[in-house]
Number of protein chains: 2
Amino acid sequence: MTFTTSRGALTRGTLAKRAGCHIETVRYYEKIGLLAPPARSPGGHRLYREADQRRLRFILRGRELGFPIEELRSLLSMVDEHAYTCGDIQAMTLTHLTSVRDRIRDLQRLERTLSTISDRCTGGQVPDCPIIDEMLGAPA
Amino acid sequence: MTFTTSRGALTRGTLAKRAGCHIETVRYYEKIGLLAPPARSPGGHRLYREADQRRLRFILRGRELGFPIEELRSLLSMVDEHAYTCGDIQAMTLTHLTSVRDRIRDLQRLERTLSTISDRCTGGQVPDCPIIDEMLGAPA
DNA sequence: CTTGAACCTGTAGTCGCTACAGATGCGACC
DNA sequence: GGTCGCATCTGTAGCGACTACAGGTTCAAG
């Protein structure tokens, strides 16, 4: 079992498992400066604390919400310095929400197009296909 | 005016403009083997024909429909060899359609989460924010 | 003290382009 | 035929957000 070391520190693998990400993601976030370089064991292994786990969870939760890394970097520094207002965060979120809605609309248009053209197919062994014809010729 | 050369060949820039893509995309598609290496002028400039324009349009239309490059490679070789049935193409399209629908569902979930949490904001100069609290604590 | 998993480092690959630098070609005009 | 300026040529690096690998070391359990 790999849990914690003698003084309660977490290894990289354990941190990743607990926070719910790939082990290499932890190292990646350190490299790009989202996670601070942690303490090391005498042999050079990273040793994390509970605070690191909370910070990583924050980042991962932000990613799940679709925030890009650079926005998370801003969010983290605002939180670190307690320098934010609800209005600031809400504005960032609403901007982000707009882009999510745009993406949904784009995909819905695509969905309609794809279902329309595939509905026109007869299927089976027929050596002609309206999808190919559509791609060869006029746009749908 | 840059249209066609003496024998009706298209330059790379003209081809890109006519087909509707970035000039560098043409070279990229050649590099990855979607477009065949075209004839060259004595000085080494690419010279394209109408058939190249049709092929490029096919690829771009496929990209607009969201097909990944590798699927377009398959589609192109099937079309080149007249070796496809409507059923084959329809199956590819339906698989692709499913993944588009999955992505829509994921984004809709995200949209609901983001609008729910931003609705809880009071906004303005308030130094606490439910969005941040959410990211620091329990998942929404 | 041995064993095997976990970790260390740096780097390359993913996808689909786009951008750049530095050199050369092309065609229009004079 | 000379000059001008745009277009094109080549190879390579960068984007975003990781993930995978190679080749070596450390850790901890038995």
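The values are calculated or read from the model by the stated rules, or taken from the named source; none is laboratory data. Everything numeric here is computed off the predicted structure, so don't read it as measured data. All Cβ positions, even for glycine, are placed from backbone atoms using ideal geometry, and neighbour counts span all protein chains on display. For accessibility, only protein heavy atoms count, side chains too; no ligands or nucleic acids. Shrake-Rupley method; radii C 1.70, N 1.55, O 1.52, S 1.80 Å.
What to note about this one:
- The single condition from (1) within 16 Å of DNA strand C (Cβ to nearest atom); (2) facing chain B (nearest Cβ under 10 Å); (3) out of contact with any Leu (no Cβ under 9 Å at 6 or more places or on another chain) that A:LEU75 fails is (1).
- Only one of A:THR25, A:THR116, A:THR14 that is within 14 Å of DNA strand C (Cβ to nearest atom), more than 23 Å from B:GLN125 (Cα to Cα) and more than 19 Å from the chain's Cα centre (by Cα): A:THR14
- Applying the criterion of being under 19 Å from A:LEU114 (Cα atoms) and more than 9 Å from chain A (Cβ to nearest Cβ) to the residues of region B:98-140, the residue that is most open to solvent (accessible area, probe 1.4 Å) is B:ARG105.
- The residue list A:ARG57, A:ARG63 contains one member that is closer than 26 Å to A:ALA91 by Cβ, within 14 Å of chain B (Cβ to nearest Cβ), at pLDDT 95 or above and more than 10 Å from DNA strand D (Cβ to nearest atom), which is A:ARG57.
- Leading residue by the ranking (nearest to DNA strand D (Cβ to nearest atom)) among those in region A:5-40 that are open to solvent by 70 Å² or more (accessible area, probe 1.4 Å) and modelled with pLDDT under 95: A:SER6
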